[in-house]
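All remarks here apply to the structure that follows.
The values are calculated or read from the model by the stated rules, or taken from the named source; none is laboratory data. Note that this is a predicted model, so its numbers are computed, not measured. Methodologically, a virtual Cβ is constructed for each residue, glycine included, from the backbone with ideal geometry; neighbour enumeration extends over all protein chains shown. The area values use the complete protein model at the heavy-atom level, side chains included, leaving out ligands, DNA and RNA. Shrake-Rupley method; radii C 1.70, N 1.55, O 1.52, S 1.80 Å.
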Amino acid sequence: MFDRFIAASGGPKWLPMAALDRALMTRWIPSHQKMQLLGTSSGGWRCAALCHPDPAQAHRRLQHAYIGQVYETRPTEAVVRSNCVTIMRALAGEQGYEALLSQPNRVLNLIACRWKGQRTRRPLLQGASLALTAGLNLVSRPLIQHQWERWLFSAEHQGFYEPGELTTHHSALTEENLEAVLLATGSIPLLSPGEVDIKGAAAGRYMDGGITDYHLDLPVLSRGGLVLYPHFHPYALPGWFDKSLKGRRAGVNFERVVMLVPSEEFIANLPSAKIPDRNDFKTLPTDERKQRWHQVTEAGEQLAQAFEAMVRGERPLKIEAID
């Protein structure tokens, strides 16, 4: 019944869902069943791992490398990019990026955003552009296209091609541009440099795909087969600048989306009773952050076990607290 899998932006918020990702896409959906995968930012990295010939191991390498990031002080953009390169190469493993595009039944799609007029990195100009984007978005979401272009990079020309309220520009994913696209979709403005002049796309600087498509509220999701969506919130937002706009939460586009969300009880039993977020880099010492994030992924194994129990017709497992 399912033909698509989507994964949202959100930094480390995906960590409680990691084991569920693997259970769904390596044990529940048969390997011979064709699936289109679409993600932005860290969600795009999850999708890339799940397109690997050995998806479970690639996804675990991604998880380990993601938790292993170290920023002892406020990092430069170059340091952030270097850490992200390390994560991407750990994900790909010895087989390299070609392996992520080689599986006929797992088709990778990634969104990155071209930042208009920001070819050079000037923080004041970038800050002004972001402030303008926020203002335009408040008036009307399509107006953000004065500052940003949505680019959809796909291993095949199908799956997610309906533009909706924002124009979609298209390019093929290839072995030559895949690392750049993976880095771009996870490049947060003013923290990461982004990627310039991605091969096969228009010239310019490409940044986080979540700017236009934070939680992937796309009209195309309402057609075709069912869409599988492990998510960390019980709601979805169109773009990054909609985070404070509750009136823009997804609705009609999600009629064929099956969203799997951790319960409030599960979250209450996580360290500090919350899902990890990027503020953990600032508020926690590195060793403590790593320990907590490992505990969160261990707790996430309960989500996978609970799902598999329900598939077998058994009662859901009791959620255990993480000490």
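What the table shows:
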item	result
Residue in the stretch 16-38 that is of a type in the set (A, V, I, L, M, F, W, C), closer than 18 Å to Leu178 by Cα and free of Cβ contacts under 8 Å to residues at least 60 places away in the same chain present	no
Any hit, the stretch 17-26, residues being within 17 Å of Pro230 (Cα to Cα), of a type in the set (Asp, Glu) and either open to solvent by 30 Å² or more (accessible area, probe 1.4 Å) or touching a Pro at 6+ places or on another chain (Cβ under 7 Å) (or both)	yes
Among the residues listed as Ala201, Ala99, Ala172, Ala112, the single one being within 30 Å of Ser31 (Cα to Cα) and touching a strand residue (DSSP E or B) at 6+ places or on another chain (Cβ under 6 Å)	Ala112
Residue match in the stretch 204-216 (condition: surrounded by fewer than 22 Cβ atoms within 10 Å (Cβ to Cβ) and either modelled with pLDDT under 95 or not basic (Lys, Arg) (or both))	yes
Of residues in the stretch 28-63 being in contact with an Asp or Glu (Cβ under 7 Å, 6 or more places away or on another chain) and in a helix (DSSP H, G or I), the one nearest to Asp3 (Cα to Cα)	Leu50
Leading residue by the ranking (modelled with the highest pLDDT) among those in the stretch 79-132 that are open to solvent by 70 Å² or more (accessible area, probe 1.4 Å) and among the hydrophobic types (A, V, I, L, M, F, W, C)	Leu132
Tally of residues being touching a residue at least 24 places away in the same chain (Cβ under 8 Å) and within 16 Å of Ala18 (Cα to Cα) across the stretch 268-304	17
Failed condition for Ala65, given (1) within 19 Å of His215 (Cα to Cα); (2) within 18 Å of the chain's Cα centre (by Cα)	(1)
Scope the stretch 224-253; condition in contact with a Phe, Trp or Tyr (Cβ under 8 Å, 6 or more places away or on another chain), under 30 Å from Glu298 (Cβ atoms) and not small (Gly, Ala, Ser); matching residues	Leu226, Val227, Leu228, Tyr229, Phe232, Leu237, Trp240, Lys243
Check on Pro238, part of a loop (DSSP other than H, G, I, E, B), of a type outside the set (Gly, Ala, Ser), surrounded by 18 or more Cβ atoms within 10 Å (Cβ to Cβ) and touching an Asp or Glu at 6+ places or on another chain (Cβ under 8 Å)	yes
Residue within the stretch 39-57 that is surrounded by fewer than 21 Cβ atoms within 10 Å (Cβ to Cβ) and either touching a residue at least 60 places away in the same chain (Cβ under 8 Å) or in contact with a Lys or Arg (Cβ under 6 Å, 6 or more places away or on another chain) (or both) present	yes
Selection count where residues are in a helix (DSSP H, G or I) and either at pLDDT below 95 or in contact with a Ser or Thr (Cβ under 6 Å, 6 or more places away or on another chain) (or both), scope the stretch 64-78	2
Pair list, Cβ under 6 Å, 6 or more apart: the stretch 210-225 residue of a type in the set (D, E, K, R), other residue modelled with pLDDT under 85	Asp217/Ala250
